[in-house]
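S.K.: To start, I am sharing the structure in question, which I have written as structure tokens.
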Ligand SMILES: Cc1cc2nc3c(=O)[nH]c(=O)nc-3n(C[C@H](O)[C@H](O)[C@H](O)COP(=O)(O)OP(=O)(O)OC[C@H]3O[C@@H](n4cnc5c(N)ncnc54)[C@H](O)[C@@H]3O)c2cc1C
């Protein structure tokens, strides 16, 4: 038996969250004696990148190099992973929770007759049965979930587990799978993505701006601070609704849920729906000119002040630290 | 075109989340329930598509009798009829089996739902239904247009989006800005009272998971305020106290 890990990649690099999933799988296998950790990469990606799964804890990496799998085509990824899972004789599949991961894992759960648990935040407890702790109500609660099927798929919440980098290097082995035309029912006609940006859902530091910034022309301040901090940029819902920022930066209940080490919120009131997307952050800093802004109640540190005054000073202070 | 929209019945986004019975049950006391916000986007888009193309629009919920006001609201927004599968929905596979069964018997060409529910945040029902029915599924879909038997979609990816094309029938898990939420008008509310709402029994009792108990995260400590003329202090605290820089 072994534990399989589904690796996602973007811009030719394995995603950090997928490497976290590998480290989770390794800890799981150590705890339950579940056998080898085998990571699987789909589509064009170089061996050096795939080998990173080794340092995160995988003992082997399988590579299905079929070009057509480079893009995240849901059915095709599910079919490929199902075939590898069966060939390897795995008992558990681990992946990072993401919009692609969710969709692929759901189809896999049916294909493999497996139980799927999403938003997992801890290793399973197996002293009686098999229980997994998962985050629910958009970070406002947890459910201890009993899993009643032999095969298990665990989708790990981003930034919820430690990424290990002390593993040995793992050999990358090429494998192939049989895919049908039906697996490619969706044709991608165009992709519109800024390359090289830090991905918001898995960023360690996030700087977000709200309506308090007055207009898109003022985002330079947010971007400069983000750059100093090595952060991704986010925004509140009205900001993306009005089109000041692209939709994929919208953080909250109905947008991206982030879980960074540091979340800096500037000119955001802290409506409960926004907080739902950031409540898993380790440390929250709020800058708002209104001392009554609800966000201060959810913050660790706060500055009551005008963003236009405070942000440039903060950027300078961060710069001075280096 | 025959459209099915699957909706969840979930606590309003401003609800305080609490549990009763030794943390084994959600505390409904004082909580208002709504159509899941993502499902509401799916419904709004479905209403637009029906206006544009004609056909029928059915809404479906797997839930107990207390979800009927939520289904009536969907009827008021523009669905023609509603189906409620009479069961407590605690497991995605269970819910997916119910939806797939109804979809199979009624031959819908387009099945829309939210990308995820806001209670359990699983994001898996659309994919499971797709796999059970052997139909393609796409999520999170932020744009959906029908051109003959071709569906043109935009799907959000991390850091951007991709444009997709696929043939009907298909399933989409939706999110904004696919359409704007619709508020029912008086005529809608009146007509919803007499639109058909059919209650059916579940077809299988297979589950893959069950919740043994719930937990709440630890309470947050008080905020530490720093003077706006002393931002260096904030940076110091972030570095030395919070250790996040
Ligand atoms: C079902 C539902 C789902 C929702 N989902 C989301 C979601 O996912 N994400 C989300 O963000 N919202 C969501 N919302 C909207 C949410 O309720 C709020 O309306 C929104 O978060 C407010 O955005 P904001 O804080 O940018 O704007 P505002 O509420 O207008 O707040 C602006 C803030 O900026 C401050 N400010 C103004 N000028 C300055 C200045 N010069 N310097 C410093 N501070 C300044 C003000 O004091 C104020 O606190 C949702 C709402 C509903 C009903």
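Only the coordinates and a few stated rules stand behind these numbers; no lab work does. Note that the structure is a prediction, hence the values are computed from the model and not measured. When we count neighbours, we look across all protein chains shown, and the Cβ atoms used for this are built from the backbone with ideal geometry, even at glycine.
S.K.: Quick one: divide the alpha-carbon radius of gyration of the stretch B:2-217 by 2.2 N^0.38 Å and tell me what you get.
M.R.: On the way: Rg = 16.8 Å, N = 216, 2.2 N^0.38 = 17.0 Å.
In units of the 2.2 N^0.38 Å rule of thumb, it is 0.99.
S.K.: Taking springs between alpha-carbon atoms closer than 10 angstrom, which of B:219, B:208, B:154 fluctuates most in the Gaussian network model of chain B?
M.R.: Taking springs between Cα atoms under 10 Å, the residue moving most is B:219.
S.K.: Bin width 5 Å, alpha-carbon pairs only: give the P(r) of the stretch B:17-131 as whole percents, running from 0 to the bin holding the largest distance.
M.R.: The calculated distribution, bin by bin, is 2, 10, 20, 24, 22, 12, 6, 3, 1, 0, 0.
S.K.: Cα axis of helix A:307-321 to longest principal axis of chain A: angle in degrees, 0 to 90, nearest 10?
M.R.: 60
S.K.: Then there's this: Hey, could you get me the Stokes-Einstein D for the protein assembly as shown, Kirkwood radius over alpha-carbon pairs, 25 °C and 0.890 mPa s, rounded to whole µm² s⁻¹? Write out the running numbers ahead of the final one.
M.R.: Values: Rh = 24.2 Å.
Answer, rounded: 101 µm²/s.
S.K.: Could you work out the relative contact order of chain A? I mean the mean sequence separation of Cα pairs under 8 Å and 6+ apart, divided by the number of residues, in percent.
M.R.: 15
S.K.: With 10 Å bins from zero, work out the P(r) of the stretch A:3-184 over every alpha carbon pair and list the percent per bin.
M.R.: Per 10 Å bin, starting at 0, the Cα pair percentages come out as 10, 42, 37, 11, 0.
S.K.: Just order B:121-132, A:301-312 by mean Cβ neighbour count inside 10 Å, highest at the front, would you?
M.R.: Going from most to least packed, we get B:121-132, A:301-312.
S.K.: Same structure, new question: In a GNM of chain A with a 10 Å cut-off on Cα contacts, which of A:192, A:48, A:102 has the highest mean-square fluctuation?
M.R.: The residue with the greatest mean-square fluctuation here is A:192.
S.K.: Counting only helical runs of four or more DSSP H residues, what would the 222 nm mean residue ellipticity of the protein assembly as shown come to if each run contributes -39,500 (n - 2.57) and the total is spread over all its residues?
M.R.: Here the helix-only value at 222 nm equals -8500 deg cm²/dmol.
S.K.: Whole Å is fine, so just give me how far the alpha carbon centre of the stretch A:202-260 lies from that of the stretch B:138-172.
M.R.: Between the Cα centre of the stretch A:202-260 and that of the stretch B:138-172, the gap is 25 Å.
S.K.: If you take every DSSP beta bridge fully contained in the protein assembly as shown, what fraction is antiparallel? Give it as a percent rounded to 5. Don't jump to the answer; show the numbers that get you there.
M.R.: Values: 41 of 118 bridges.
If I count the DSSP bridges inside the protein assembly as shown, around 35 percent turn out antiparallel.
S.K.: Post the alpha-carbon centroid distance, the stretch A:1-37 to the stretch B:41-101, in whole angstrom.
M.R.: After rounding, the separation between the Cα centres reads 37 Å.
S.K.: Still on this model: Please compute, for peptide B:151-157, the average count of beta-carbon atoms on other protein chains lying within 10 Å of each residue's beta-carbon.
M.R.: 5
S.K.: On alpha-carbon atoms, Rg over Rh for the stretch A:200-321 using Kirkwood Rh?
M.R.: Using only Cα positions, Rg/Rh for the stretch A:200-321 is 0.91.
S.K.: Would you kindly calculate the translational diffusion coefficient of the stretch A:240-312, applying Stokes-Einstein with the Kirkwood radius from alpha carbon pairs, for 25 °C and a viscosity of 0.890 mPa s, and quote it in µm² s⁻¹ without decimals?
M.R.: Rounded to a whole number, D works out at 196 µm²/s.
S.K.: In addition: Compute the helix-to-body angle for A:74-88: its Cα long axis versus the longest principal axis of chain A, expressed 0 to 90° and rounded to tens.
M.R.: Result, in degrees: 50.
S.K.: Using Cα pairs closer than 8 Å and at least 6 residues apart in sequence, work out the relative contact order for the stretch B:47-112, in percent. Show your work: numbers first, answer last.
M.R.: Details: 63 pairs, mean separation 20.7, N = 66.
It rounds to 31 percent for the stretch B:47-112.
S.K.: What's the angle, to the nearest 10 degrees (0 to 90), between helix B:231-240's Cα axis and the longest principal axis of chain B?
M.R.: Helix B:231-240 sits at roughly 80 degrees to that axis.
S.K.: For chain B, what proportion of DSSP beta bridges, expressed in % and rounded to the nearest 5, is antiparallel?
M.R.: Looking only at bridges with both residues in chain B, the antiparallel portion is about 40 percent.
S.K.: Evaluate peptide A:183-193: per residue, the Cβ atoms of other protein chains within 10 Å of its Cβ; return the mean as an integer. Before the final figure, lay out the partial values.
M.R.: Numbers: counts 1, 2, 10, 12, 6, 6, 7, 5, 7, 7, 6.
Per residue, the average neighbour count from other chains is 6.
S.K.: Using a 10 Å cut-off on Cβ to Cβ distances, tally the other chain neighbours for every residue of A:308-314 and report the average as a whole number.
M.R.: 3
S.K.: Averaging over every viewing direction, what projected area does the convex hull of the Cα atoms of chain A cover, in nm²?
M.R.: Spelled out: convex hull of the Cα atoms, projected over all directions, averaged, 17.2 nm².
S.K.: Given contacts defined as C-alpha pairs under 8 Å and at least six residues apart, what's the relative contact order of the stretch A:88-168, whole-number percent? Numbers along the way, then the final one.
M.R.: Numbers: 132 pairs, mean separation 30.5, N = 81.
Taking the mean separation of contacting Cα pairs over the length of the stretch A:88-168, I get 38 percent.
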